[in-house]
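Have a look at the structure below, then the notes.
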Amino acid sequence: MIPPDHPRYRSLVTRERLAGCAKKGIVAMEGLTAHGRGEAFDYLIGERTTISGLLAEQTAAAMLISARHPVISVNGNTAALAAHEIAALQEACGALVEVNLFHRTEKRVAQIEDLLRNAGADVYSGEAERLLPLSHDRAWCRRGGMFSADVVLVPLEDGDRCEALVSLGKTVIAIDLNPLSRTARHATLTIVDELTRALPAISRACRELSAADRDRLLSTVDNHYLLSEAIHEMTARLSHALD
Ligand code: PTJ
């Protein structure tokens, strides 16, 4: 029997939650495979927040609290895994919370918005339009939401939309356990950490950063360094895996 405070126990409970949300249609079937990829990379970083991950989380907080119009983009996996953490981050940084889906249906949008509202988030649900320079359904977003944002937090984003948002001049913060993904490489800042560890760490930093810390973090953003450190962490762990 695995004890409830063991990371393995938590990951079993998480899998059950995701499978349950997939049956209801909240999580896309593809979201289950995305989660499996995330678990594999999380294993490689030791299922904990690394030093470079924490630096990325503090920098994300600095970006969000300095933004003119910050938006947190939420998809099926994010809502299923971390609806309460999204609501807490919204409270800490004042960002607008908007549902934006890869596998978009109006029914899924409504289900995910309900889940977020039940967790305490104030969800922005104005009318969506095809506004992003993409040919598929990922182009849909809201004019007063993601489209006019200066800073967008995109947990578990796909590469095309991340690139499209960067091409519109936005500061894009990704949360992605895979430091090699197109999203991770194209975002302005990538947090290589597990979503449910990353969101509370960003909220904490939003509350605790001094103005001087914030300025220092904003003037030293280096995504290439953060990704290299994550890869270094993984290779170092792998090279001692059998010791
Ligand atoms: O709900 P929808 O329709 O918007 O669809 C959402 C998914 C996740 C299916 C869609 O955005 C997608 O296919 O994403 P990708 O391209 O598979 O990218 C997801 C990335 O998130 C992968 O690089 C995973 O390693 C990573 N990932 C998965 N779970 C976590 C994670 N990163 C952080 N924390 C996790 N829990």
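Remarks
- Leu165 vs. criteria in a helix (DSSP H, G or I) and in contact (Cβ under 8 Å) with a residue 24 or more places away in the chain: yes
- Test result for Cys93, touching a Leu at 6+ places or on another chain (Cβ under 9 Å) and more than 14 Å from the ligand (Cβ to nearest atom): yes
- Residues of the stretch 202-222 satisfying the condition of being in contact with a Ser or Thr (Cβ under 7 Å, 6 or more places away or on another chain) and crowded, with 19+ Cβ neighbours inside 10 Å: Arg214, Leu217
- Of all residue pairs spaced 6 or more apart or on separate chains, those with beta-carbon atoms under 7 Å, a first member in the stretch 75-89 that is within 20 Å of Leu32 (Cβ to Cβ) and a second member that is more than 8 Å from the ligand (Cβ to nearest atom) and of a type in the set (Lys, Arg) are Ala80/Arg17.
- Leading residue by the ranking (nearest to Ala128 (Cα to Cα)) among those in the stretch 148-159 that are surrounded by fewer than 22 Cβ atoms within 10 Å (Cβ to Cβ) and more than 9 Å from the ligand (Cβ to nearest atom): Ser148
- Of all residues in the stretch 201-243, those satisfying the criterion of being of a type in the set (Lys, Arg) and out of contact with any Gly (no Cβ under 7 Å at 6 or more places or on another chain) are Arg204, Arg207, Arg214, Arg216.
- All helices (runs of 4 or more DSSP H) inside the stretch 1-86 with 1 or more residues being surrounded by fewer than 21 Cβ atoms within 10 Å (Cβ to Cβ) and away from the ligand (no atom under 13 Å from the Cβ): 7-24, 51-66
- Subset of the stretch 120-131 that is under 21 Å from Ala80 (Cα atoms) and modelled with pLDDT of 95 or more - its residue that is surrounded by the most Cβ atoms within 10 Å (Cβ to Cβ): Ala121
- Qualifying residue in the stretch 132-147 (condition: of a type in the set (A, V, I, L, M), crowded, with 22+ Cβ neighbours inside 10 Å and part of a strand (DSSP E or B)): no
- Some residue of the stretch 98-109 being away from the ligand (no atom under 12 Å from the Cβ) and among the hydrophobic types (A, V, I, L, M, F, W, C): no
- Taken over the stretch 102-122, the residue count meeting the criterion of being over 19 Å from Glu30 (Cα atoms) and touching a residue at least 60 places away in the same chain (Cβ under 8 Å) is 1.
- Test result for Glu91, more than 11 Å from Leu153 (Cβ to Cβ), modelled with pLDDT of 95 or more and acidic (Asp, Glu): yes
- Considering the stretch 171-182, and only residues there that are crowded, with 23+ Cβ neighbours inside 10 Å and either β-branched (Val, Ile, Thr) or closer than 11 Å to Val154 by Cβ (or both), the residue that is nearest to the chain's Cα centre (by Cα) turns out to be Ile175.
- Annotation note: of Ala139, Ala187, the sole residue that is over 28 Å from Thr14 (Cβ atoms), free of Cβ contacts under 8 Å to residues at least 60 places away in the same chain and in contact with a strand residue (DSSP E or B) (Cβ under 7 Å, 6 or more places away or on another chain) is Ala139.
- Within the stretch 172-183, residues that are under 17 Å from Ala198 (Cα atoms) and part of a loop (DSSP other than H, G, I, E, B) sit with their Cβ atoms under 7 Å from residues that are among the hydroxyl-bearing types (Ser, Thr, Tyr) and near the ligand (Cβ under 8 Å from one of its atoms), at 6+ positions apart or across chains, in these pairs: Asp176/Thr183.
The values are calculated or read from the model by the stated rules, or taken from the named source; none is laboratory data. Every value quoted in this text rests on a predicted model; they were computed, and no experiment measured them. Neighbour counts are summed over all protein chains in view; Cβ atoms, including those assigned to glycine, are modelled from backbone coordinates with ideal geometry.
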